[in-house]
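Data first, discussion second: the structure below is written as structure tokens.
The values are calculated or read from the model by the stated rules, or taken from the named source; none is laboratory data. This one's a predicted model, so the numbers in the text were calculated from it and none came from an experiment. For neighbour counting, all protein chains shown are included, and Cβ atoms are generated from backbone atoms with ideal geometry for every residue, glycine included.
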Amino acid sequence: MIHSLFLVNASGDIFLEKHWKSVVSRSVCDYFFEALERATEPENVPPVIPTPHHFLINVLRHRIYFVAVIQSEVPPLFVIEFLHRVVDTFQDYFGVCSEAAIKDNVVVVYELLEEMLDNGFPLATESNILKELIKPPTILRTVVNTITGSTNVGEQLPTGQLSVVPWRRTGVKYTNNEAYFDVVEEIDAIIDKSGSTITAEIQGVIDACVKLTGMPDLTLSFMNPRLLDDVSFHPCVRFKRWEAERILSFIPPDGNFRLLSYHVSSQNLVAIPVYVKHNISFREGSSQGRFELTLGPKQTMGKAVESVLVSSQLPRGVLNANLSPSQGTYTFDPVTKLLSWDVGKINPQKLPSLKGSVSLQTGASKPDENPTINIQFKIQQLAISGLKVNRLDMYGEKYKPFKGIKYMTKAGKFQVRT
Amino acid sequence: AQVLFSVKLYTVHQYLNVTLFLYVFPQMIARGKNASDLFPAVVKNVACKNIEVKKLVYVYLVRYAEEQQDLALLSISTFQRGLKDPNQLIRASALRVLSSIRVTIIVPIMMLAIKEAASDMSPYVRKTAAHAIPKLHSLDPEQKDQLIEVIEKLLADKTTLVAGSVVMAFEEVCPDRIDLIHKNYRKLCNLLIDVEEWGQVVIINMLTRYARTQFLNPNINESLLEESSEKAFYASDDEEDEDKKAEAATLAKRKPYVMDPDHRLLLRNTKPLLQSRNAAVVMAVAQLYFHLAPKAEVGIIAKALVRLMRSHSEVQYVVLQNVATMTIKRRGMFEPYLKSFYIRSTDPTQIKILKLEVLTNLANETNISTILREFQTYIKSMDKDFVAASIQAIGRCATNIGEVRDTCLNGLVQLLSNRDELVVAESVVVIKKLLQMQPEQHSDIIKHMAKLIDNIQVPMARASILWLIGEYCEHVPKIAPDVLRNMAKTFTNEEDIVKLQIINLAAKLYLTNSKQTKLLTQYVLNLAKYDQNYDIRDRARFIRQLIVPTDKSGALSKYAKKLFLALKPAPVLQSTFKDRDHFQLGSLSHLLNAKAAGYQELPDWPESVPDPSVRNVEVKDSVCARRTVLTGPEESDSGSGSESASASDESGSGSESEESREETESEDEEEDEEKEKKRKKRLDKTKAKKPAEESAERCLVLPNVSCSAPSFPQRAEQWHRGQKTRQEGSEESEKCLRIRERIRKQRIRGRVGGGTIAPSGSIKMYELLHRITGEGLAVEYCFSRQPFSPDPNMVAVQIQFTNNTNSETKNLHIEEPRLQSGMRIREFTEIGLQPSGESVTVVMGIDFCDSTQAANFQLCTHTRKFFVSIQPPVGELMTPVFLTENDFKKEQGKLMGMNEISEKLMLGEKCVNEHVIVERVTATANLSRVPCGSEKECRFAGKTVSSGCLVLVTVPTKEGGAAQLTVNCEKMLIGTLLVKDIMQALSQ
């Protein structure tokens, strides 16, 4: 299946290679570099590149290309999904997945890759098992290791691989037993020129951080489970129970994990929490253009809209922008033509606005394309779909855990066309 | 410098800590530096105690063994030792490294190790063996035949851990050996949901191929329809409906399609996996449904695929490719999700273009207006490649949907005045294609375009305009010569493609309007004659011969006009994804639209039904623990063969159950018997039904079989055979036997009663060999519940031989044990001589590996051999453990969740007090009582004999005879079986 893996940084250098079968020369990456050169944007590199003897499947995360070398037929998604899992594992281990972090921990990286694949077929990808095999590096442990000469590799044998519940290790102990659940919803929307919604849908996830002693068995129920149109589960969730009773019943993994992701369909009406008034115009013959933006809250259920960030890719003909924001700060990059305005919180009494003029390059004709406006925002303590957790129960353990549920709404891919 | 570096390292190694030294290797290997010089120094450390050093040595070894074969061999013995380690994890890791060393010399060693590991008792080691198979196969393909044997064996494995890996090995080594799958098909379907996610992908893809060869096309009745409706794809709905009705009428006469229950099983068991978090699994299920499901059911995959579009852009890319192919065949399925394919300005270009493809495929009369409005905004995008693709998409919509053709054309003409040249050029190309469909009505557009030629510089667009004018020069008789005049002026500076079209235009004008253009044409042809490009020179010479009449010109020139101005069919604008579905969706080959190495073709549906009975599994009565199977050698020969689970055979034995039975059987056996009778009657009924329905019935029954549920009919049959033979014996001897038996039982009870742990209840004797089958030798056994001293991991089985013949029996011993993987037997010492009429008792040990699988072996005397088998009730697989109340609670806390099985029950009438409950439970299972403060609760503890897993049983009683039975055990199967048995014991 997966023959080799090359890690390529943003400047096009291979800084790590790993082979699971016989060694493939790194010159195979030349085909990848060719494709990289052809692509105008980094994300435009085709994920699958055929070469005379191999196939290169790559993913781009954190400005690192993970290039897997394949020799024969394999479902491409299989490889892509695995590569993303590798990145997630690195992130889990080192906090960030950057070139520096990987280089600093090259031994751990190597050990991880060795355990994750056997002869190119995934072996242990569950973070719980991996952590039992290879302890994640911490500052304290690094210090201790250098002094005592001990290592990161777990001394015990990894019994997790044999367990019926492979995602949870046995013998977990905490002094404070806590279970936190974050319900995070993202609104994906396209708003047209006149302010009407072209398409809007809600994608939600429930991320959990569970630190409970022993083998707890949790059930989570919703007030209105019918809202969830399409769901995908962490493998720990008992599917039958959900089918029958719409209750999430599971033995949680230890630590952070994504319990559930769901989708609230576009058939339901989606509340759009902000509106944008815009007036962007260029006059024929003049080298100046007008630019006005005003943001306002709409259907926020009384909650404040925070961390608002507006960005827009202005037409290529624009030379500079001379704007004045009523609040927050704005930047305009004359090279990439990217305008971004960090608004902060929207005050309903005094709506934030950004007004001024943009200057065009001399001699450039009036651009006929209109920039789209991307908006990011957060609303705390609100799940915009109206989803509510009813209760969380624990079985199988005697202690009383501390339970917490947090709701948040964010903008996903929220675009306003002008 | 590199060598210097290594040498330095080497010297460093002499003095420094080994660990420190080894840390440098991954750095070197990771950067692709050659560190093979250090091989000897590193390999020395292979036996190092430090686990991390060991692991790093492994990494190093596997990386460089190929280059330093001789030295690598030094390390082999370490791994061979590891293969024998009592710890399963060490065995597994030794096998893993050993099989990764790519040195041909050790192939025989690897082969041996794989074979051994394939029958290891630990499923984890067996999984590793499955992983090792493709490694060995790539190292030495000649081992294929032997490896297939191992694969066959591992395919029969019942654990989820092994399933994914062995199917992967199957796919790499022998993907064409579909016959190996038959017997395991149902098991794989049933295990699927519990297999780890990567294994699921492999299994689903394999099963898709399998199903294509074994089942009939569920859409067989519609495939004809499809063909006809495809032609009428964009025709109005009414027409289509009529077509359908007509087709349906003819189809009604044909045989109705009935889906094979196994086909249904596959579809049903894969459906929940659409909810997986793993995109590859979702895609695998989606392609399975696309290729195998009836048309009406395919729709369910759309939602899951649309969900994947939220994922990383690489995932999106692959999913959209597949959706694009699906939308061509099954447009309706994605129509409700149209808006999910709308394009955002932040999407990468490749995603935008794929979404555009999908939107175009989804366009129909009803949604075209919204789609076109969407396209209009796309045209204003800053991404020019995307704009070009959008214009082409509009063109495709216009050709496919007649009603909007004019609107589209007008829109495109407006684009001609766009400031961006690329947009204009693309529009020209698309307009050219559209105009070809109905040129008469659009002469003004042609005129407009003729004017554009002065401004447009893009060669393709210029060429398109010239072609248009040439083709329809009769519609624009005044402008055409003028354009040619202009072009002749710039001829030398044009691109090749434009030059060819100028020649083309000249030729056409010469034929239609030679008066005005004769000289011009000559001029152009002369220019072309001396062009640098030979294509253009050739073309010019060819055309001159064809159109300019000379005395030498051949017969062809008469037809010149027909040649040039023939009516040309309008181009068909179709998706590049059309017909891509002959590749299995989700595969690499599909994505690249070219066959990748190792791609297995998706077979066509078979014409007629292949034999569905090949998937029937020969059921071993694995759980009928209560009963000893009574088989002599003759019977086992004729019996097991003919019994092989074909449904009609089984029901045939129904009449036997009416025969009178003996009374000596215990109560619970009688109950079972009742059930069996009922079951048989049902089967008799099913026999009368049509074969198709019968197989549906079978599907209902059989899926469980592979998960160890016993097959009732077969059990019954065996039982009856025992009855029959028994009846043949005379009444008298029956009585004697009973008396003797009673005496013997008492004797045993007395002996065992002295033991500390033995329960107060009596010990049940099981028959191993009946006196008649054994030709006078009667053998009985019981589980004495004593620890088996030579090996604490074995269950002690006490066997009693009674010689009922008139002569002596000699050399009683065991031969040829046929055991499930991992099981072991410690035989009793041979009984040299047994005089007539005497009984001898011996004890043997069997390690059942904590399973209720039977241990089969031959019992030999000096004259005869008897095939016998011992099957333990689950309760005998454990030994008591003494726990305090606190310990019990602590241990129970660790065995929660999936390890806990709980059932409610009503206590039987006789279970009046705690004492009876304790007695019943301890009689059923070899457990000890755990002290408990409450009177209302009884607790028991034990551990399994071979692996030492704790088994905890709790029985709290409530008012009115209600009780709850809870069993906690890490081995879920043991737990489930135990619950069943205790329930039965308590509810009597």
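Brief remarks on what is shown
- Check on B:LYS144, within 11 Å of chain A (Cβ to nearest Cβ), among the basic types (Lys, Arg) and part of a helix (DSSP H, G or I): no
- Total residues in the stretch B:936-945 satisfying the condition of being crowded, with 23+ Cβ neighbours inside 10 Å and either of a type in the set (Val, Ile, Thr) or in a loop (DSSP other than H, G, I, E, B) (or both): the figure is 2.
- The condition of being under 30 Å from A:ILE57 (Cα atoms), of a type outside the set (Val, Ile, Thr) and assigned to a helix (DSSP H, G or I) does not hold for B:LEU556.
- B:VAL323 being surrounded by 23 or more Cβ atoms within 10 Å (Cβ to Cβ), at negative phi and more than 7 Å from chain A (Cβ to nearest Cβ): yes
- Applying the condition of being of a type in the set (Val, Ile, Thr) and crowded, with 19+ Cβ neighbours inside 10 Å to the stretch B:252-311 and asking which residue is farthest from the other protein chains (Cβ to nearest Cβ) yields B:VAL298.
- The set of residues in the stretch A:163-192 being part of a loop (DSSP other than H, G, I, E, B), within 12 Å of chain B (Cβ to nearest Cβ) and either closer than 28 Å to A:MET408 by Cα or among the polar types (S, T, N, Q) (or both) consists of A:SER163, A:TRP167, A:ARG168, A:THR170, A:ASP192.
- Filter result (among the acidic types (Asp, Glu) and either surrounded by 20 or more Cβ atoms within 10 Å (Cβ to Cβ) or assigned to a helix (DSSP H, G or I) (or both)) within the stretch B:885-930: B:GLU885, B:ASP887, B:GLU891, B:GLU900, B:GLU914, B:GLU919
- Residue within the stretch A:298-305 that is surrounded by 20 or more Cβ atoms within 10 Å (Cβ to Cβ), hydrophobic (A, V, I, L, M, F, W, C) and modelled with pLDDT under 85 present: no
- Some residue of the stretch B:944-965 being modelled with pLDDT of 85 or more, of a type in the set (Ser, Thr, Tyr) and in contact with a Lys or Arg (Cβ under 7 Å, 6 or more places away or on another chain): yes
Table: residues versus (1) of a type in the set (S, T, N, Q); (2) within 29 Å of the chain's Cα centre (by Cα).
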{"site": "B:LEU74", "(1), (2)": "no, no"}
{"site": "B:GLN80", "(1), (2)": "yes, no"}
{"site": "B:ILE90", "(1), (2)": "no, yes"}
{"site": "B:VAL125", "(1), (2)": "no, yes"}
{"site": "B:ILE133", "(1), (2)": "no, yes"}
{"site": "B:ASP140", "(1), (2)": "no, yes"}
{"site": "B:LYS144", "(1), (2)": "no, yes"}
{"site": "B:ILE148", "(1), (2)": "no, yes"}
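- The lone exception for B:TYR337 - which of (1) more than 9 Å from chain A (Cβ to nearest Cβ); (2) in contact with a helix residue (DSSP H, G or I) (Cβ under 7 Å, 6 or more places away or on another chain); (3) not in a loop (DSSP other than H, G, I, E, B) it fails: (1)
- Residue match in the stretch B:433-443 (condition: free of Cβ contacts under 8 Å to residues at least 60 places away in the same chain, surrounded by fewer than 21 Cβ atoms within 10 Å (Cβ to Cβ) and not in a helix (DSSP H, G or I)): yes
- Members of the stretch B:464-492 that are among the charged types (D, E, K, R) and not in a loop (DSSP other than H, G, I, E, B): B:GLU471, B:ASP482, B:ARG485, B:LYS489
- Failed criterion for B:GLU909 (all others in (1) at pLDDT below 80; (2) out of contact with any strand residue (DSSP E or B) (no Cβ under 6 Å at 6 or more places or on another chain); (3) closer than 27 Å to A:ASP217 by Cα hold): (3)
- One residue alone among B:GLY893, B:GLY875 is more than 30 Å from B:GLY776 (Cβ to Cβ), without any contact (Cβ under 8 Å) to a residue 24 or more places away in the chain and not charged (D, E, K, R), and that residue is B:GLY893.
- Verdict on A:HIS263 being surrounded by 21 or more Cβ atoms within 10 Å (Cβ to Cβ) and within 11 Å of chain B (Cβ to nearest Cβ): yes
- Matching residues, the stretch A:30-51, being hydrophobic (A, V, I, L, M, F, W, C) and either facing chain B (nearest Cβ under 10 Å) or in contact with an Asp or Glu (Cβ under 9 Å, 6 or more places away or on another chain) (or both): A:ALA39, A:VAL45, A:VAL48, A:ILE49
- The single residue among A:ALA304, A:ALA321, A:ALA271 that is farther than 24 Å from B:GLN376 by Cα, assigned to a strand (DSSP E or B) and either of a type in the set (Lys, Arg) or away from chain B (no Cβ under 14 Å) (or both) turns out to be A:ALA321.
- B:GLY933 being away from chain A (no Cβ under 14 Å), in a loop (DSSP other than H, G, I, E, B), surrounded by fewer than 17 Cβ atoms within 10 Å (Cβ to Cβ) and out of contact with any strand residue (DSSP E or B) (no Cβ under 6 Å at 6 or more places or on another chain): yes
- Subset of the stretch A:201-244 (residues that are closer than 23 Å to B:LEU338 by Cα, touching an Asp or Glu at 6+ places or on another chain (Cβ under 7 Å) and of a type outside the set (Val, Ile, Thr)): A:GLU201, A:GLN203, A:GLY204
- Single condition B:SER138 does not satisfy, out of (1) in contact with a Leu (Cβ under 9 Å, 6 or more places away or on another chain); (2) under 26 Å from B:ARG177 (Cβ atoms); (3) within 13 Å of another protein chain (Cβ to nearest Cβ); (4) surrounded by fewer than 17 Cβ atoms within 10 Å (Cβ to Cβ): (1)
- Residue in the stretch A:20-29 that is farthest from A:TYR65 (Cα to Cα), counting only those that are buried (at least 17 other Cβ atoms within 10 Å of the Cβ) and either more than 10 Å from every other protein chain (Cβ to nearest Cβ) or under 23 Å from the mean Cα position of the chain (by Cα) (or both): A:VAL24
- Just one of the listed residues (B:PHE866, B:PHE848) is buried (at least 18 other Cβ atoms within 10 Å of the Cβ) and over 24 Å from B:ILE763 (Cα atoms), namely B:PHE866.
- One residue stands out among those in the stretch B:752-789 that are β-branched (Val, Ile, Thr) and at pLDDT below 80: the one that is surrounded by the fewest Cβ atoms within 10 Å (Cβ to Cβ), which is B:THR756.
- Matching residues, the stretch B:376-428, being part of a helix (DSSP H, G or I), within 14 Å of chain A (Cβ to nearest Cβ) and free of Cβ contacts under 8 Å to residues at least 24 places away in the same chain: B:THR377, B:GLN414
- Odd one out for B:LYS187 among (1) under 30 Å from B:LYS578 (Cβ atoms); (2) at pLDDT 90 or above; (3) charged (D, E, K, R): (1)
- Counting only strands (runs of 3 or more DSSP E) that sit wholly inside the stretch B:782-861, those with at least 1 residues that are within 30 Å of B:CYS969 (Cα to Cα) are B:795-803, B:809-818, B:824-826, B:839-847, B:855-860.
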